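The values are calculated or read from the model by the stated rules, or taken from the named source; none is laboratory data. In this text, all values refer to a predicted model and were calculated from it rather than measured experimentally. Heads up, the Cβs are rebuilt from the backbone with ideal geometry, glycines too, and the neighbour counts pull from every protein chain shown.
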Amino acid sequence: MPNRIRVLFVRCAALCVAASLSPLLAAAHPDRAEQRQHYRNALDAIEHGKADAWKREVVNLDGYPLRPYIDLALLERRNAKPSIAQVQAFIKLWPDTLVAERLRESTLRDLAKKQDWNGFRKLWTGSRADDLQCAWQRARIAAGEKPDYTRDIADLWMQPRPTSSTCDPLFAWARSNGQLTDANVWKRIEAAALAANPGTASSIANLLDGADKAAANRIASAVRDPAGVLAKAGQWPDTPRNRDAVSLGMFRYARKNSRGAETLWADLGDRFKWDPEQKNRVLNAIAVYRATSYESDALARLKALPKDAENDASREWRVRVALASGDWSETLSALNVMSDEQKADARWRYLRARMLSKLDRKAEADAVFADVATEANFHGFLAADWINAPYQICATTVVEDKAAEQHIANQPDLARALEFYALGDLPQARREWNFALRKFDPQQKRLAADYAYRNDWFDRAIFQFSSSPQTMSFYEQRFPLAQKSRVIRASREAGVDPAWAYAIIRAESAWMSDVRSHADAYGLMQLLPGVAKKVAQGAKLPYSKPSDLFDPALNIKLGTLFLGQMANKYSGSPWLASAAYNAGGSPVGRWLDARGTMEPDFFIETIPYKETREYVARVLAFSVLYDWRLNDKVIPLATRMPKVGQAYKAPKDDAQRKAVVCKSSVKDGVSTSDRFLKSLEE
């Protein structure tokens, strides 16, 4: 049986958080547990070929949301490659469903592979998949039609990443028919090089000939191995394409070794006749990456950049380098030359107020602080602390509409998503969820997300309500108090603030219990298997394999213990422990050695790693929001940010907390936009 059918079986304890029956679903379907067992039995019988044993199970599945998957399993057991007529019959039986779409698209791929374009056209109704769109254009060509580059091919072609081999014959046709010009080929090579995809650039180079092909491959090589290739650039002739190779290679090399790039540029800068874009790309890269290492010449280089070589990154780093040097006037000057969009951001408005305070311009500073304090984000909370103002958090609630809610609850695709969730098949549940949302308008998406929240499928609610400024103030759904008794108990046993533990869970996994990162971190608090094993051994907790970390109970227990251990390394400091939780202890140690005397808010802003810098701010803001959700009042954010070396203990239940108010008006159901939090979640 195909793998996509096998995944329908219930996952083991790794997904146990989703396997429990939702109270709302159980109330609506009192026989649903029995139907689930019949569904499992039917799939098992089909997979193992137990004659007609599946029939006695299917008779009990009338109205069951996942019945289409039984029919698909039967179709594919009897016909490893269903005929076009069989596929059409299935689509007619289950129209406008994800299962029918996936069957159609898998069949279309088989037909494209066989170049059965007549059959392909019979099943084609459109697709969002690039490879199938390429196949459709090939089917048109086979029928004597002539696709238009701008309308039919350009979007498929202009991808900086590798494209499907299905598209290669289409691109070859466009090339041989004069639609894919040299200019279009070079445009994609440059896009691939800027996106650091040298393999794509090399592949595309094969469409060129002679000197052009060699030049394209040189660009790809410069991106792949900038140091090795650029060491030979002094012998290259001064041509536009060679200048491209050098500038793109320098752009990549500066990121890895800004000092080496600076040395190379000293040799090559006068060797070629650069156009402004090429030269500015190099000057900007060297200046920015010198700044990320806080080199002694970084500020001078950033200030010396030609106006056209500046961008948001160079302006941000000019602020950070000046801040790290303790030059408040220079920091304020750097803030003054930021773009209007940057100046509107809470981060830079807050830093402006801090600089004004440092320069004894208190009245101006307080006015800026008061403005920033209206926002419910990291810098807004800090601004409120500086002027002893309450936090402003204006929550929006879902407007009750029973008819609309019932319509959402009855939507078949959403019902299948919730049923897969209840069965513990979270990947398939998410696929059905995404399919369902394609059919909803914004209000329906909001109701669907709230429905998921009320059925304990928290990550869908989090992502949906965090997807636009209009829904950012739905704090109940965005910051669920899931596993409340477990999180509070485990946090207190580990000696950490439950609000902080909640914030770490929210930042790490957004309550996706089955998530596994590219770094091989597992589950809710994204634990590495080696870390989990060590913590489990120390606490004498059961742990045998990485998939155990998909069990929320074990993951939360181990995660909070590890969080407590991290805090102990930094005198209990939540913000430093959060930085180490994200980046590791070694980088944090280097930063402390270099800038450990800085005030915490300044230190956070000067963290070199963008991911860690924003992670710490996000976790601290989430800590405030979870503290509010748990206690109505909050521990001031400033108290969660002790100076380096200053002892910190998790607050007790009777700790002094500050008020939370809502002074900002709400128009059209939208409260003050949490711009900073949204930018961090994107």
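Key figures for this structure:
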| item | result |
| --- | --- |
| Residues satisfying the stated conditions in the range 329-345, i.e. more than 29 Å from the chain's Cα centre (by Cα) and of a type in the set (Asp, Glu) | Glu330 |
| Conditions (1) modelled with pLDDT of 95 or more; (2) not assigned by TED's automatic domain parsing to the domain that holds Met525; number of the one not met by Ala490 | (2) |
| Qualifying residue in the range 197-216 (condition: surrounded by 13 or more Cβ atoms within 10 Å (Cβ to Cβ), under 28 Å from the mean Cα position of the chain (by Cα), of a type in the set (Gly, Ala, Ser) and part of a helix (DSSP H, G or I)) | yes |
| From the options Tyr350, Tyr391, residue that is within 30 Å of Arg446 (Cα to Cα) and modelled with pLDDT of 95 or more | Tyr391 |
| Residue within the range 174-186 that is more than 30 Å from Lys256 (Cα to Cα), assigned to a helix (DSSP H, G or I) and β-branched (Val, Ile, Thr) present | no |
| Filtered residues of the range 32-81 (kept if without any contact (Cβ under 8 Å) to a residue 12 or more places away in the chain and outside any helix (DSSP H, G or I)) | His48, Lys50, Ala51, Asp52, Val59, Asp62, Gly63, Asn79, Ala80 |
| Yes/no for Thr374 being modelled with pLDDT of 95 or more and either surrounded by 23 or more Cβ atoms within 10 Å (Cβ to Cβ) or under 30 Å from Lys307 (Cβ atoms) (or both) | no |
| Extreme residue, modelled with the highest pLDDT, among residues of the range 21-31 that are in a helix (DSSP H, G or I) and aliphatic (A, V, I, L, M) | Ala28 |
| Flag for Ile5 being modelled with pLDDT under 95, in a helix (DSSP H, G or I), closer than 30 Å to Ser544 by Cβ and β-branched (Val, Ile, Thr) | yes |
| In the range 478-493, the residues that are buried (at least 22 other Cβ atoms within 10 Å of the Cβ) and under 13 Å from Gly559 (Cα atoms) | Val487, Ala490, Ser491 |
| Matching entry among Ala499, Ala507, Ala503 (being assigned to a helix (DSSP H, G or I), within 16 Å of the chain's Cα centre (by Cα), farther than 22 Å from Ala536 by Cβ and of a type in the set (A, V, I, L, M, F, W, C)) | Ala507 |
| Helices (runs of 4 or more DSSP H) contained entirely in the range 579-682, each with at least 3 residues that are modelled with pLDDT of 95 or more and acidic (Asp, Glu) | 610-631 |
| Test result for Phe272, aromatic (Phe, Trp, Tyr) and either modelled with pLDDT of 95 or more or surrounded by fewer than 23 Cβ atoms within 10 Å (Cβ to Cβ) (or both) | yes |
| Arg431 being touching a residue at least 60 places away in the same chain (Cβ under 8 Å) and assigned to a helix (DSSP H, G or I) | yes |
| Residues being over 35 Å from the mean Cα position of the chain (by Cα) and without any contact (Cβ under 8 Å) to a residue 12 or more places away in the chain - total across the range 146-192 | 3 |
| The range 335-348 - residue that is in a helix (DSSP H, G or I) and in contact (Cβ under 8 Å) with a residue 40 or more places away in the chain and, of those, nearest to Thr374 (Cα to Cα) | Ala346 |
| Positions within the range 368-423 being part of a helix (DSSP H, G or I) and acidic (Asp, Glu), in sequence order | Asp371, Asp385, Glu405, Asp413, Glu419 |
| Selected residue [in contact (Cβ under 8 Å) with a residue 24 or more places away in the chain, in contact with a helix residue (DSSP H, G or I) (Cβ under 7 Å, 6 or more places away or on another chain) and surrounded by fewer than 22 Cβ atoms within 10 Å (Cβ to Cβ)] from Leu323, Leu351, Leu332, Leu382 | Leu332 |
| Filter result for the condition that a residue is touching a Ser or Thr at 6+ places or on another chain (Cβ under 9 Å) and β-branched (Val, Ile, Thr), over Val229, Val223, Val246 | Val229 |
| Flag for Thr107 being closer than 30 Å to Val87 by Cα, part of a loop (DSSP other than H, G, I, E, B) and β-branched (Val, Ile, Thr) | no |
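This table checks each residue for (1) under 21 Å from Met566 (Cα atoms); (2) touching a His at 6+ places or on another chain (Cβ under 7 Å); (3) modelled with pLDDT under 95; (4) not basic (Lys, Arg).
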residue: Ser485; (1), (2), (3), (4): no, no, no, yes
residue: Gly495; (1), (2), (3), (4): yes, no, no, yes
residue: Ala503; (1), (2), (3), (4): yes, no, no, yes
residue: Ala507; (1), (2), (3), (4): yes, no, no, yes
residue: Ala519; (1), (2), (3), (4): yes, no, yes, yes
residue: Gln526; (1), (2), (3), (4): yes, no, no, yes
residue: Lys534; (1), (2), (3), (4): yes, no, no, no
